[in-house]
């Protein structure tokens with residue numbers, strides 16, 4: 001959707017398509033997923049059994065999609081929220097208009113400003129996700145320096161609307177493992 005709407009799924013009863021950029025649940029029966037091509041896909045979890053996924057493009061980051069996702073998780077009982085980053089456009093490949101880059105930097109801070117491999121202004125989407133999660137009291141796990149989720153633009157394993165006008169999308173899915181048998 002390229003926005004900041006968050007859907008909360010109370011109980012999984014079957015397939016559900018949400019008009020939202022994030023989905024949150026504590027249901028043991030739900031698998032939540034988001035699709036993307038160049039925007040950041042973020043999976044979130046807490047030891048309290050609340051999980052979520054979020055599609056975080058630059059508009060969603062500016063609109064607060066990750067903060068709203070963490071807030072929705074906390075409303076369902078989440079305490080310590082951790083996140084993983086899926087593939088997205090990385091700064092060396094993410095040429096970005098100066099006006100929109102200024103909007104993102106005003107919201108998240110100057111460290112989202114970067115330069116492409118060709119020397120053009122760029123958005124560091126990975127840094128933007130990290131900053132938004134930090135601001136929400138959540139943290140990215142994993143070694144972002146060694147494996148920041150893969151660049152959709154320069155790595156042909158991932159779909160990229162920006163680089164190749166791909167119509168396909170990749171998905172990031174999160175679910176809870178059941179804690180016991182149901183009769």
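Sub-6 Å Cβ pairs linking a first residue in region 63-80 that is crowded, with 23+ Cβ neighbours inside 10 Å to a second residue that is at pLDDT 95 or above and in a helix (DSSP H, G or I), at least 6 apart or interchain, are 66/132; 66/133; 66/136; 70/136, ordered by first then second residue. Of all residues in region 30-56, which are in a loop (DSSP other than H, G, I, E, B), more than 29 Å from residue 164 (Cα to Cα) and touching a residue at least 40 places away in the same chain (Cβ under 8 Å)? Selection gives 30, 49.
State which residue is surrounded by the fewest Cβ atoms within 10 Å (Cβ to Cβ) when the search covers only region 1-22 and only residues that are within 13 Å of residue 67 (Cα to Cα) and touching a strand residue (DSSP E or B) at 6+ places or on another chain (Cβ under 7 Å).
Going through region 1-22, the residues within 13 Å of residue 67 (Cα to Cα) turn out to be 3-6, 21-22.
If we keep only those that are touching a strand residue (DSSP E or B) at 6+ places or on another chain (Cβ under 7 Å) too, we end up with 6, 21-22.
Values: 6: 23, 21: 27, 22: 29.
Top of the filtered list is 6.
In region 81-100, the qualifying residues are those that are touching a helix residue (DSSP H, G or I) at 6+ places or on another chain (Cβ under 8 Å) and over 21 Å from residue 150 (Cβ atoms), and the one that is surrounded by the most Cβ atoms within 10 Å (Cβ to Cβ) is 81. If you go through region 1-23 and keep only what is in contact (Cβ under 8 Å) with a residue 24 or more places away in the chain and more than 17 Å from residue 39 (Cα to Cα), you end up with just 8.
From the list 103, 130, the one residue that fits, being under 30 Å from residue 12 (Cα atoms) and either touching a helix residue (DSSP H, G or I) at 6+ places or on another chain (Cβ under 9 Å) or in a helix (DSSP H, G or I) (or both), is 130.
The values are calculated or read from the model by the stated rules, or taken from the named source; none is laboratory data. Predicted model only: the values in this text are computed from it and were never measured. All Cβ positions, glycine included, derive from the backbone under ideal geometry; neighbour counts span all protein chains shown.
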